[in-house]
Amino acid sequence: MPSGLAVFFGLVVLYGAVAVWLGRFSITMPIIFVVVGALMGPQGLVAAKDAELLTEMTLALLLFADAATLDFRQVRDDARLPVRLLLIGMPLVIALGALVAYGLFPGEGLGFALLLAAVLAPTDAALGLPIFNNPRVPVRIRRALNVESGLNDGIATPLVALFIALALVPETQETGSWAVSALSEIGIGVGAGVAAGLLGGWLFAAAEKRGWTATAGEQIGNLALALCAFWAAKALGGNGFVAAFVGGILFGYVTRERLHVATEFTETTGTVLSLFVWAVFGANLVPPLIQSFNPLALLYALLSLTIIRSIPVAISLVRTRLRPDTTLIMGWFGPRGLASVVFALMAYEAFHEAGRSFDILADTAAWTILLSVVLHGISAAPLANWYARRLETADAGAPELVTVPEFTTTRRSPLSWLKLHR
């Protein structure tokens, strides 16, 4: 184990030195570290169970940072597209994903189908970074996809918790109380998040106003606040991810988004930890795909990345007058990333404790995430350039080209810790 970790961190150093050069060839951070993990294996790196707490805290930090840095006032005047993607597109993605899952795996039950769909619903902008960094792609389109990616993992979190409970009803025999138990967990998470976000936000807003703190103190406090919300909810029997997300929203609101530098430190810490999470994914979930190939799992993965995403997005954009190529781009760039990895590991732990087989869910989620890492990573730059060229001939009054302010919120870019995100 020590030798494996030494090799891993040595590769992180090497990646940091050549990240920009690799990016020119569409070789992204997730691609690199999934391959690293697959080559090292759990014996050379770490087993998923042993890394569970670290992976959970990584997602908690990023959920908090995403929510805290999203300036709702910036998108208030042009909220139509992200609202459609989140309130129409995302529920339809889960519904269609569950329908397809139930058709392919009828013996697993409705709860399993809903859980699989919810695990794979969140998107991760980091895997399609070139389209978000390309100034030739309209700000309005980049912003809609960015806001969607920043919020849908937090929205999916309570649904994943609810559907885990539903999927395990046959094993737990909680036929009447599973929903109450799951909703109680979510409610406690919301309460812990509200308390942490309001109190922490008030404390730092007051301290900054009086000059009692400095940047370093704000950064340390922001990181600790995210983890405090997460662990407080867990200690009370609630959902820590819900607490981190809600806490981030309220922290940003109370501080009026003035502490972006501090929150960027939390995001950067989460991004660095995500290198390890991707390696854990590669080490623990990728090798079984080859050892026990499941064609239905691969089929679902392909459908998940195409029609399960693109059809709901197209429906959500009806009557927006967006061009067909815009709808196509927005439908394709729904990469599955870190949130889906952590949600899958959460489901694994719950299934293991209940004595239920996790193989189908693991294979299906792993195929979807793996294909997304590769396909979205290598296609982002050429498709962004193709789309930008097509827009050069678009009518000046096209909805895509409506002038809106550049979106300034930070995102969990694979290169954010190198100060290369937009």
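The values are calculated or read from the model by the stated rules, or taken from the named source; none is laboratory data. Please read these numbers as outputs of a predicted model, since none were measured by experiment. Heads up, the Cβs are rebuilt from the backbone with ideal geometry, glycines too, and the neighbour counts pull from every protein chain shown.
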Among Gly282, Gly270, which is the only one that is closer than 18 Å to Ser372 by Cβ and crowded, with 21+ Cβ neighbours inside 10 Å? Gly282
If you check Gly89 against the conditions, is it over 19 Å from Glu148 (Cβ atoms) and either among the small types (Gly, Ala, Ser) or in contact with an Asp or Glu (Cβ under 9 Å, 6 or more places away or on another chain) (or both)? no
Going by what's in this entry, would Gly89 be described as buried (at least 20 other Cβ atoms within 10 Å of the Cβ), farther than 24 Å from Glu400 by Cα and under 22 Å from the mean Cα position of the chain (by Cα)? no
Among what's in the range 166-185 and is in contact with a Leu (Cβ under 9 Å, 6 or more places away or on another chain), surrounded by fewer than 22 Cβ atoms within 10 Å (Cβ to Cβ) and hydrophobic (A, V, I, L, M, F, W, C), pick the residue that is nearest to Arg258 (Cα to Cα). Leu183
Which condition from (1) in contact with a helix residue (DSSP H, G or I) (Cβ under 9 Å, 6 or more places away or on another chain); (2) in a helix (DSSP H, G or I); (3) more than 18 Å from Pro158 (Cα to Cα) is the one that Arg256 breaks? (2)
Residues in the range 391-412: is at least one aromatic (Phe, Trp, Tyr), closer than 30 Å to Val20 by Cα and either touching a Pro at 6+ places or on another chain (Cβ under 8 Å) or at pLDDT below 85 (or both)? yes
In the set Pro287, Pro335, Pro312, the lone residue that is at pLDDT 95 or above and either of a type outside the set (S, T, N, Q) or closer than 28 Å to Asn239 by Cβ (or both) is Pro312
Note: among Ala243, Ala232, just one is under 19 Å from the mean Cα position of the chain (by Cα) and modelled with pLDDT of 95 or more, namely Ala243
Output yes when any residue across the range 349-366 is surrounded by 15 or more Cβ atoms within 10 Å (Cβ to Cβ), touching a residue at least 60 places away in the same chain (Cβ under 8 Å), under 16 Å from the mean Cα position of the chain (by Cα) and at negative phi, and no when none is. yes
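Each row is one residue, and each column tells you yes or no for (1) assigned to a helix (DSSP H, G or I); (2) modelled with pLDDT under 95.
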residue	(1), (2)
Lys49	no, yes
Glu56	yes, yes
Leu59	yes, yes
Asp66	yes, yes
Arg73	yes, yes
Arg76	yes, yes
Pro91	yes, no
Ala95	yes, no
Qualifying residues in the range 35-59 (those that are touching a Leu at 6+ places or on another chain (Cβ under 7 Å) and of a type in the set (A, V, I, L, M)) - the one farthest from Gly4 (Cα to Cα): Leu59
On the basis of being surrounded by fewer than 14 Cβ atoms within 10 Å (Cβ to Cβ), among the aliphatic types (A, V, I, L, M) and out of contact with any helix residue (DSSP H, G or I) (no Cβ under 6 Å at 6 or more places or on another chain), does Ala79 make the cut? no
Quick check on the range 383-395. Is at least one of its residues closer than 23 Å to Leu96 by Cα and among the hydrophobic types (A, V, I, L, M, F, W, C)? no
Can you give me the ranges of the helices (runs of 4 or more DSSP H) entirely in the range 136-241 with at least 3 residues that are touching a residue at least 60 places away in the same chain (Cβ under 8 Å)? 139-167, 169-172, 215-235
For the list (1) of a type outside the set (Asp, Glu); (2) surrounded by 20 or more Cβ atoms within 10 Å (Cβ to Cβ); (3) under 21 Å from the mean Cα position of the chain (by Cα), I need the number of the one condition that Leu227 fails. (2)
Having 1 or more residues that are within 15 Å of Ala117 (Cα to Cα) is the bar; report the helices (runs of 4 or more DSSP H) wholly within the range 311-404 that clear it. 338-354, 359-391
Options Ala207, Ala161; residue that is touching an Asp or Glu at 6+ places or on another chain (Cβ under 7 Å) and at pLDDT 90 or above: Ala161
Out of Leu305, Leu375, Leu317, Leu370, report the one residue that is modelled with pLDDT of 90 or more, buried (at least 18 other Cβ atoms within 10 Å of the Cβ), over 17 Å from Met90 (Cα atoms) and not basic (Lys, Arg). Leu370
Odd one out for Tyr253 among (1) farther than 27 Å from Leu370 by Cα; (2) crowded, with 21+ Cβ neighbours inside 10 Å; (3) among the aromatic types (Phe, Trp, Tyr): (2)
Could you list all residues from the range 187-202 that are crowded, with 22+ Cβ neighbours inside 10 Å and either over 13 Å from Phe251 (Cα atoms) or within 21 Å of the chain's Cα centre (by Cα) (or both)? Gly189, Gly193, Gly197
